[in-house]
Every structure is written in structure tokens, then in C-alpha cells.
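Each value in this text was obtained by applying a stated rule to the coordinates, not by laboratory testing. Remember, predicted model here, so these are calculated numbers, not experimental data.
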Amino acid sequence: MTLYEDERAFWDDIAGKYILKHAGTDHNAGHVIEAAAIYADRMVMARRKRKTENIPDGDVLRMSATATVAI
């Protein structure tokens with residue numbers, strides 16, 4: 001799957017969190033890494049399908065706890 005520059009950090013975050021959550025001493029690391037990549041790809045595809053809108057003038061910006069830019 002081709003990632004655009006603005007999606008790379010999102011993909012890394014999703015894959016990294018998946019690996020941290022599911023990695024353990026009793027799992028095959030290759031399967032966990034492959035599953036993390038598939039999960040991150042699917043999340044990027046779902047994100048691309050979402051409609052975006054501009055923030056109306058006068059509204060207060062909201063900031064996600066993990067975001068690097070205002071949403």
C-alpha cells in the first residue's frame with residue numbers, strides 16, 4: 001500500500017500501538033508484525049474515506065491528546 005507523507009505518522013502510531021498491545025512471549029513476532037501492518041493499512045483506508053471540513057470562523061480549536069496538529 002502506498003502511504004502519503006501526511007499518513008506516515010498515523011500509520012506508525014497505529015502499527016506501534018497494535019504491536020505493543022498484542023506482543024508477548026507466547027506469540028510469533030512475525031504474525032504480530034504482519035497483523036499490525038494489515039490493521040494499520042485498513043485504518044489508513046478508513047481515514048481516507050472520511051469527509052473533512054474546515055473549522056468555522058470563531059470556533060475554538062479542539063486538540064486530541066495524541067494529535068500533533070489541531071483538529
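Using Cα-Cα distances under 8 Å and only pairs 6 or more residues apart, what relative contact order does region 5-49 have, in percent? Could you put the intermediate results ahead of the total?
Values: 23 pairs, mean separation 22.8, N = 45.
Over region 5-49, the number comes to 51 percent.
Rg/Rh for region 5-49: what does it come to with C-alpha atoms and Rh from Kirkwood?
Values: Rg = 11.1 Å, Rh = 10.8 Å.
On the Cα set of region 5-49, Rg over Rh gives 1.03.
Please work out how much length the chain gains when fully extended from residue 17 to residue 42, using 0.36 nm per residue of separation minus the C-alpha to C-alpha distance, in nm with one decimal.
7.6 nm is the gain from fully extending residue 17 to residue 42.
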